[in-house]
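Student: Here it is: the structure, laid out below.
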Amino acid sequence: MAVSKTLKFACNIGTMFPSSTSLIDRLKHARACGFDALEVAFPYTWSVDEWQEALTAHPMQVVLINTPLGPNKEPGLAACQDKETEFLAGIDRGVEYCNALKCSQLHIMAGNEPPYEGQKSTFISQMRKSSVVLQKWGIVGLIETISPGVIPGYFLNNPRETLDLVSEIACDNIGFQFDVFHFSMLGESDDQITALFHDKNLKHIKHVQVAQTPKRNEVNAEGGVDYSKIFNHMILKNYRGFVGLEYKPDELSEMPCSKETMKFLSQF
């Protein structure tokens, strides 16, 4: 993104442009705001052909997509019992879109199945199997802590435990998606969040996502997170991945990329 001095910002075209139903319109708006990189949770709303047409008309780098929802709209299947076939089918679908969109990162969703004996072992096993598939295509799989207010009962609901799981999975192409919004909603302070973003964990942190709490609006809005502090800490730690702007524009904003927001981001 041209406005950033050090950090690389990517817009989330799913959250930032809710009034645009057309994929081409979303990309056009993103380019008009000055972005050259994007993330999108579920690209499957549009066909591969539609994506390629839109990206040809408005060239952008796609930096992150999610695995698809499960057959019954489950928020992922990686930690679900007796769902290996469906889980691997979702990985294959994600790989198809990653390859078509030239995206090198796939967020592998864990699901919110009620706890059962051996769930952690199932998750680690499924992640290792997905790692083998992704490795063939040069794709990095990511896992993310998600707060209960967004997905109740989500298997990964503690950032430290999620980071420990990345270490236990022990695959070079499985990393951590560092979502500041979810950490704050889980009660983590700015100091605790920056403490997580330290040397021990940096090798696992492949992507960052941000939004203000509690409304999930612009990062420069009033709220629970001091993003000047968070961003400056990331610069201090020489973070080189993308920062996904996964916010929903405040209804008072003049547009998803207001002048105030872009001016704020330009400091970093």
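Student: Somewhere in the stretch 173-183, is a residue more than 30 Å from GLN267 (Cβ to Cβ) and either more than 18 Å from the chain's Cα centre (by Cα) or not aromatic (Phe, Trp, Tyr) (or both)?
Tutor: First, the residues of the stretch 173-183 that are more than 30 Å from GLN267 (Cβ to Cβ): 173-174.
Checking which are either more than 18 Å from the chain's Cα centre (by Cα) or not aromatic (Phe, Trp, Tyr) (or both) leaves us with 173-174.
Looking for residues that are more than 30 Å from GLN267 (Cβ to Cβ) and either more than 18 Å from the chain's Cα centre (by Cα) or not aromatic (Phe, Trp, Tyr) (or both), one finds at least one in the stretch 173-183, hence yes.
Student: Here is a follow-up. Between a residue in the stretch 186-211 that is over 12 Å from ILE230 (Cβ atoms) and any residue that is hydroxyl-bearing (Ser, Thr, Tyr) and not in a helix (DSSP H, G or I), which pairs come within a Cβ distance under 8 Å, given they are 6 or more apart or on different chains?
Tutor: Pairs found: LEU186/THR145; LEU186/SER147; LEU202/TYR239; ILE205/TYR239.
Student: Answer with yes or no whether LEU134 is touching a residue at least 60 places away in the same chain (Cβ under 8 Å) and surrounded by 20 or more Cβ atoms within 10 Å (Cβ to Cβ).
Tutor: Working: touching a residue at least 60 places away in the same chain (Cβ under 8 Å): no; surrounded by 20 or more Cβ atoms within 10 Å (Cβ to Cβ): yes.
When the stated conditions are applied, LEU134 does not pass them.
Student: Okay, moving on. Among the listed residues THR67, THR45, THR56, THR85, identify the single one that is touching a Leu at 6+ places or on another chain (Cβ under 9 Å) and without any contact (Cβ under 8 Å) to a residue 24 or more places away in the chain. Explain how you work it out, then say what you get.
Tutor: Details: THR67 fails: without any contact (Cβ under 8 Å) to a residue 24 or more places away in the chain; THR56 fails: touching a Leu at 6+ places or on another chain (Cβ under 9 Å); THR85 fails: touching a Leu at 6+ places or on another chain (Cβ under 9 Å).
After applying the criteria, what remains is THR45.
Student: From the list VAL225, VAL180, which one is touching a residue at least 12 places away in the same chain (Cβ under 8 Å), in contact with a helix residue (DSSP H, G or I) (Cβ under 7 Å, 6 or more places away or on another chain), of a type outside the set (S, T, N, Q) and closer than 16 Å to GLU39 by Cβ? Please lay out each step first, then the result.
Tutor: On the way: VAL225 fails: closer than 16 Å to GLU39 by Cβ.
Exactly one of VAL225, VAL180 is touching a residue at least 12 places away in the same chain (Cβ under 8 Å), in contact with a helix residue (DSSP H, G or I) (Cβ under 7 Å, 6 or more places away or on another chain), of a type outside the set (S, T, N, Q) and closer than 16 Å to GLU39 by Cβ, namely VAL180.
Student: Looking at the stretch 151-159, is at least one residue farther than 24 Å from LYS215 by Cα, open to solvent by 20 Å² or more (accessible area, probe 1.4 Å) and either in contact with a His (Cβ under 9 Å, 6 or more places away or on another chain) or modelled with pLDDT under 95 (or both)?
Tutor: Going through the stretch 151-159, the residues farther than 24 Å from LYS215 by Cα turn out to be none.
No, that holds for no residue.
Student: Return the residues of the stretch 195-228 that are outside any loop (DSSP other than H, G, I, E, B) and either surrounded by 15 or more Cβ atoms within 10 Å (Cβ to Cβ) or β-branched (Val, Ile, Thr) (or both); say none if nothing qualifies. Please lay out each step first, then the result.
Tutor: Here is the first cut: in the stretch 195-228, the residues outside any loop (DSSP other than H, G, I, E, B) are 195-196, 199-202, 205-210, 212, 217, 227-228.
Answer for the stretch 195-228, where residues must be outside any loop (DSSP other than H, G, I, E, B) and either surrounded by 15 or more Cβ atoms within 10 Å (Cβ to Cβ) or β-branched (Val, Ile, Thr) (or both): LEU196, ASN201, LEU202, ILE205, LYS206, HIS207, VAL208, GLN209, VAL210, GLN212, ASN217, TYR227.
Student: In the stretch 160-192, how many residues are assigned to a helix (DSSP H, G or I) and among the hydrophobic types (A, V, I, L, M, F, W, C)?
Tutor: Taking the stretch 160-192 first, the residues assigned to a helix (DSSP H, G or I) are 160-169, 180-185, 190-192.
Checking the rest, the ones that are also among the hydrophobic types (A, V, I, L, M, F, W, C) come to 163, 165-166, 169, 180-181, 183, 185.
Here the count works out to 8.
The values are calculated or read from the model by the stated rules, or taken from the named source; none is laboratory data. Predicted, not measured: the structure shown is a model, and the values here were computed from it. FYI the Cβ positions are ideal-geometry reconstructions off the backbone, even for glycines, and counts take in every protein chain you see. Just the protein is used for accessible areas: all its heavy atoms, side chains included, with ligands, DNA and RNA removed. Shrake-Rupley method; radii C 1.70, N 1.55, O 1.52, S 1.80 Å.
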